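Here, each number is a calculation from the coordinates, and none is a lab measurement. Bear in mind that the values here come from a model prediction, so they are computed numbers and not experimental data. With ideal geometry, Cβ positions are generated from the backbone for all residues, glycine too; neighbour counts draw on all protein chains shown.
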Amino acid sequence: MAARAYWQGQIRLALVSIPVEIYSATKSGATVSFRQIHEPSGKRIHYEKVVDGIGPVDPDEIRKGFEYEKGEYVLLEDEEIEGVKLESKKTLDLTEFVDVGEVDAIYYDKPYYVVPADDLAEEAFVVLREALRKTRKVGIGQLALRGREYVVSLKPCGRGMVLETLRYADEVNKASGYFRDIGDAKPDEDLLDLATTLIEKKAAKFDASEFHDRYVDALRDLIERKRKSKTGKVSLDTEERAPSRGSNVVDLMAALKKSLDRPGDNDNGPGRKAPARKAAAKSGTTKTAATKGTAKPAARKAASPRARKSA
């Protein structure tokens with residue numbers, strides 16, 4: 001557990017108050033960050049704050065400004081901004097409870113682990129956790145953290161609970177603007193059955209530890225090889241390329257059937273290994289190549305009522 005809690009306070013449910021502590025549930029240590037370097041000297045590049053037509057300026061002359069129209073700003077002092085920050089409340093009031101699936105995943109932002117602050121709080125904490133689990137509900141409330149007020153959700157997670165900050169409605173783009181050109185046509189029942197069977201065949205319990213960022217792994221490997229290289233140069237593996245998108249129409253029925261018939265797909269349970277996923281990722285290329293004009297006649301006939309009629 002982290003040495004220092006991100007927030008300490010109490011969760012209040014009607015007249016019941018539960019002292020808790022929350023800790024950040026995520027970390028950024030897995031990413032690879034870069035600096036800009038002056039190659040001839042090997043030293044870091046720094047940036048000066050400059051004004052057009054004036055040049056470098058004194059940091060004491062810099063203020064925060066809000067652009068209310070092009071080139072026009074309202075200048076604000078740090079003290080003025082601090083004055084409108086919300087005091088970090090020590091109480092999270094759970095004002096409503098919603099069904100687990102009612103909050104769209106797009107609203108979830110950042111997760112935090114919630115634990116009872118002491119042994120005395122544990123009994124009430126466990127009661128709330130199990131009540132949420134039994135009713136399949138998520139607690140909703142608002143909480144001020146570090147000057148900002150967040151909508152938050154609270155739900156069970158193993159022996160503890162997870163608090164997640166939620167995005168406000170005006171922070172999320174309306175999906176209708178992106179989905180409006182997608183037609184209302186219903187899928188062919190045979191194709192739908194095949195796709196459903198394929199999904200059920202690959203069904204498994206999610207285990208996050210099975211997945212890792214291959215891009216970060218490759219970057220770390222490249223950095224290590226360059227660090228150890230005497231010449232400062234390393235060979236790059238360029239054999240594997242992303243499949244190019246051709247213009248040929250793929251016989252969807254044949255592609256789905258071929259996916260179901262692929263050997264090894266029955267071993268996609270919780271114990272599946274990374275190489276199996278890598279092979280699966282390549283399957284788009286295999287299926288496309290296999291169905292470019294080479295689908296069996298029976299498969300083409302089944303592709304649509306029109307095809308069956310013409311046959």
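Of the cross-linked pairs K89/K174; K110/K201; K134/K205; K110/K233, which ones have a Cα-Cα span greater than 30 Å in the structure shown?
K89/K174; K110/K201; K110/K233
Which ordering of V20, V32 is given by a fewest-first count of other beta-carbon atoms within 10 Å?
V32, V20
When a footprinting reagent is the concern and you count Cβ atoms within 10 Å, what order do S41, S229, S209 take, fewest first?
Numbers: S41 8, S229 11, S209 5.
Final ranking by Cβ density, sparse to dense: S209, S41, S229.
Relative contact order for the stretch 82-185 using alpha-carbon pairs under 8 Å, separation at least 6, rounded to a whole percent?
It comes to 34 percent, rounded to a whole number.
Among the aspartates and glutamates, select those whose C-alpha is under 16 Å from the C-alpha of K226, and discard any that sit fewer than 8 residues away in the same chain.
Reachable aspartates and glutamates: E39, D217, D237.
Of T31, A5, H46, which is farthest on the positive side of the dipole of the stretch 1-58, counting Cα position, with +1 on Lys and Arg Cβ, -1 on Asp and Glu Cβ, and the Cα centre as origin?
Projecting each Cα onto the dipole axis, the largest value belongs to A5.
For K89, enumerate residues with amide H under 5 Å from its amide H, sequence gap 5+ or separate chain, H modeled in the peptide plane.
Hits under the 5 Å cutoff: A144.
Kindly provide the GluC sites (Glu not before Pro) of the stretch 2-71 that DSSP labels as loop, not H, G, I, E or B, and whose Cβ sees at most 14 other Cβ atoms within 10 Å.
Sites meeting the loop and neighbour criteria: E48.
From the phi angles alone, apply the Karplus equation (6.51, -1.76, 1.60; θ = phi - 60°) to the stretch 32-48 and give each ³J(HN,Hα) in whole Hz, x where the residue is Gly or Pro.
In residue order, the calculated couplings are 10, 10, 10, 10, 8, 10, 7, 4, x, 9, x, 9, 5, 8, 10, 10, 9 Hz.
Which far-off residues, 5 or more places away or on another chain, put their amide H under 5 Å from the one on A5, with H placed in the peptide plane?
none
Once phi is turned into ³J(HN,Hα) by the Karplus curve 6.51 cos²θ - 1.76 cosθ + 1.60 with θ = phi - 60°, what whole-Hz value does each residue of the stretch 151-165 show in order, with x for glycine and proline?
Taking θ as phi minus 60°, the curve returns 7, 10, 10, 9, 8, x, 8, x, 7, x, 9, 10, 9, 10, 6 Hz for the stretch 151-165.
Please work out whether the stretch 80-204 counts as rounded, prolate or oblate from its C-alpha gyration tensor, where a ≥ b ≥ c are the square roots of the eigenvalues and a/c under 1.5 means rounded, while otherwise a/b larger than b/c means prolate and anything else oblate?
oblate
Which one, V98, A121, P111, is farthest towards the positive end of the dipole of the stretch 84-218 when Lys and Arg carry +1 and Asp and Glu -1 on their Cβ?
It is A121, whose Cα lies furthest towards the positive end.
Please report Rg (one decimal) and Dmax (integer) in Å for the Cα set of the stretch 1-139.
In order Rg, Dmax, the Cα atoms of the stretch 1-139 give 23.5, 67 Å.
Taking θ = phi - 60°, what integer Hz values does the Karplus form 6.51 cos²θ - 1.76 cosθ + 1.60 yield along the stretch 56-73, in sequence order, with x for Gly and Pro?
Along the stretch 56-73, the couplings run x, 10, 6, x, 5, 8, 8, 10, 7, x, 9, 7, 8, 7, 3, x, 10, 10 Hz.
Hey, can you grab everything whose amide H is under 5 Å from the amide H of V20? Only 5+ residues off in sequence or another chain; H modelled, so Pro and N-termini drop out.
G9, Q10, I11, A117
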